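J.: Structure provided below as structure tokens; questions to follow.
The values are calculated or read from the model by the stated rules, or taken from the named source; none is laboratory data. The model shown is predicted, which means the values in this text are computed figures rather than measured ones. Because the Cβ atoms are built from the backbone with ideal geometry, glycine has one as well, and the counts that use them run over all protein chains shown. For accessibility, only protein heavy atoms count, side chains too; no ligands or nucleic acids. Shrake-Rupley method; radii C 1.70, N 1.55, O 1.52, S 1.80 Å.
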Amino acid sequence: MINLILFGPPGSGKGTQAESLVKKYNLLHISTGDLFRYNIKNSTPLGLEAKSYIDKGDLVPDSVTINMLKAKVDENPDVKGYIFDGFPRTIPQAQALDELLSPSGGVSSLLMLDVPDEELVKRLLNRGKTSGRADDQDDQIVRNRLSNYKKDTIPVFDYYVDEGKSVKIWGVGSLEEVFARLSLELDRL
Ligand code: ADP
């Protein structure tokens with residue numbers, strides 16, 4: 001099984017690239033951000049809880065996020081593999097994912113889309129003009145997400161470096177160029 005973590009800061013293009021990758025490699029795309037937004041839209045108890053964190057640009061607590069992710073994986077056992085987008089974002093989430101995937105061979109690879117900060121802020125505020133996402137419309141919230149990424153999420157990259165699984169991919173360029181760089185890595189798995 002291919003169990004891929006598509007990693008990178010907010011605005012690095014994970015969601016867009018994941019959509020293309022799932023088609024080419026026939027994997028299931030699981031985006032925790034999309035799952036939260038779906039729950040918020042439908043006013044579920046999970047959505048109501050998550051919203052208070054997301055609106056501020058903070059991470060949703062691990063217990064909530066991990067349970068939601070596990071449920072999604074358990075619902076879809078008969079797949080060729082997964083692309084995890086936006087998960088894991090903390091070390092406890094990475095440990096939970098390792099445990100969850102241990103029967104299917106563990107995490108295959110973590111591909112990080114590497115994009116400079118100022119480009120990210122520009123992309124996110126630009127996306128906010130059309131996406132309707134409140135967390136993309138405010139400079140302070142965007143910067144808070146980037147600082148949380150550095151504090152809580154970069155350690156996940158280092159965690160998989162120790163296992164020889166982390167790879168950095170240059171995330172600036174056309175969608176096709178970035179897609180080709182990711183595909184090169186996936187073809188090796
Ligand atoms: P982006 O990558 O652009 O920040 P996402 O759609 O991945 O957007 O996530 C949106 C928000 O959802 C995050 O800012 C965070 O509040 C919450 N979220 C998503 N995934 C996680 C996660 N794995 N752990 C905690 N919070 C998360």
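J.: Rounded to the nearest percent, how much of the accessible area of the chain (1.4 Å probe, protein heavy atoms only) is carbon and sulfur? Numbers along the way, then the final one.
T.: Values: 4890 of 9390 Å².
Its accessible area is 52 percent carbon and sulfur atoms.
J.: Which order do peptides 65-74, 37-46 fall in by mean Cβ count within 10 Å, highest first? Show your work: numbers first, answer last.
T.: Values: 65-74: 16.7, 37-46: 13.3.
The peptides rank, most packed first, as 65-74, 37-46.
J.: Past 27 Å, Cα to Cα, is the threshold; run Lys129/Lys168; Lys24/Lys129; Lys14/Lys122; Lys70/Lys122; Lys56/Lys165; Lys41/Lys165 against it and keep the listed order.
T.: Numbers: Lys129/Lys168 29 Å; Lys24/Lys129 30 Å; Lys14/Lys122 16 Å; Lys70/Lys122 33 Å; Lys56/Lys165 32 Å; Lys41/Lys165 35 Å.
Exceeds cut-off: Lys129/Lys168; Lys24/Lys129; Lys70/Lys122; Lys56/Lys165; Lys41/Lys165.
J.: Let me ask something additional. For a quick size check, give me the Cα extents of the chain along its three principal axes, largest first, whole Å.
T.: 39, 38, 30
J.: Going by a ≥ b ≥ c, the root eigenvalues of the Cα gyration tensor, does region 32-115 fall in the rounded group (a/c under 1.5), the prolate group (a/b larger than b/c) or the oblate group?
T.: Details: a/c = 1.93, a/b = 1.46, b/c = 1.32.
In terms of gyration-tensor shape, prolate.
J.: Need one number: nm distance between label points at Asp117 and Ser104, each 7 Å from Cα along Cα→Cβ, rounded to one decimal.
T.: 3.7
J.: So what's region 133-189 giving for Rg/Rh, alpha carbon basis, Kirkwood Rh from the mean inverse pair distance? Don't skip to the end; give the middle numbers.
T.: Details: Rg = 14.9 Å, Rh = 13.7 Å.
In region 133-189, Rg relative to Rh is 1.08.
J.: Let me ask something additional. What number comes out for accessible area per residue over region 1-80 if the probe is 1.4 Å? Units Å², please. Don't jump to the answer; show the numbers that get you there.
T.: On the way: 4000 Å² over 80 residues.
Spelled out: the 1.4 Å probe surface of region 1-80, per residue, equals 50 Å².
J.: Over region 1-97, what is the relative contact order in percent, taking alpha-carbon pairs closer than 8 angstrom and at least six residues apart? Intermediate results must be reported in sequence, preceding the final value.
T.: Working: 103 pairs, mean separation 43.6, N = 97.
Relative contact order, region 1-97: 45 percent.
J.: Here's a follow-up. Name all residues of region 89-123 having a backbone nitrogen under 11 Å from the label point set 7 Å from the Cα of Lys168 along its Cα→Cβ direction, giving them as ranges.
T.: Answer for region 89-123: 112-116.
J.: Moving on to the next point. What do you reckon, how do Asp187, Asp135 stack up by accessible area (1.4 Å probe), largest on top? Can you show the working numbers first?
T.: Numbers: Asp187 95, Asp135 15 Å².
Most to least solvent-accessible, the answer reads Asp187, Asp135.
J.: Let me ask you something else. When 1/r is averaged over all different Cα pairs and the result inverted, which Kirkwood radius in Å belongs to region 74-175?
T.: Details: mean 1/r = 0.0645 Å⁻¹.
In region 74-175 this quantity evaluates to 15.5 Å.
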